[in-house]
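Worksheet: one structure, shown below.
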Amino acid sequence: MNLIERYQDEMYSLALSLTNDDKKSKALAMKAFDKSVGELYGGYNKMKVQLFRTLLSFAPLSKLKRAKNGDILYTFKKNLPPFERQIFVLKFEFHLSVLETSLVLNSSRAEVKKHIFFILNKLFKKLEKTLK
């Protein structure tokens, strides 16, 4: 049971008793939940970072499932070292900023930028070979 499921009935009941309007009560309960969770982590971005960091601790991207079409990016990503693979996924697939990526990985922004540079150079070389 997640946090929303655990408290949604109580939050909705309280909101309904205050507003006497079903639609407003649902919106109010969700707004209160979003704000409360955001404040627990210091805002949306910090919550996102914490969620991604937690997920990476459970699934460190050590094994990628094979893409059905066996595309170039799958092979490229599979052959990256684990740290660079995590950066690649966070930065280019989930569009996290350098700062967010560094926070998720507990690394410095300079370190993340350095590896992004290496990743892009490797990808460029791979594409050059493939397109020849």
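Computed from the coordinates by the stated procedures, all read-outs in this text should not be read as laboratory data. Owing to the predicted nature of the structure, the values given are computational and were not obtained by experimental measurement.
Each residue of segment 102-119 was assigned a 3J(HN,Hα) from its phi angle through the Karplus curve 6.51 cos²θ - 1.76 cosθ + 1.60 (θ = phi - 60°); the sequence is 5, 5, 4, 8, 6, 10, 7, 4, 4, 5, 5, 4, 4, 6, 4, 4, 4, 4 Hz, with glycine and proline shown as x. If you sort the three axes of the alpha carbon gyration tensor as a ≥ b ≥ c, you get a/c of 1.5 or more for segment 1-40 and a/b no higher than b/c, which makes it oblate. With a threshold of 23 Å on the Cα-Cα distance, the over-threshold entries among LYS78/LYS129; LYS91/LYS114; LYS48/LYS91; LYS24/LYS48 are LYS24/LYS48. Candidate cross-link partners of LYS77 among the aspartates and glutamates, defined by an alpha-carbon separation under 15 Å and a same-chain spacing of 8 or more, comprise GLU93.
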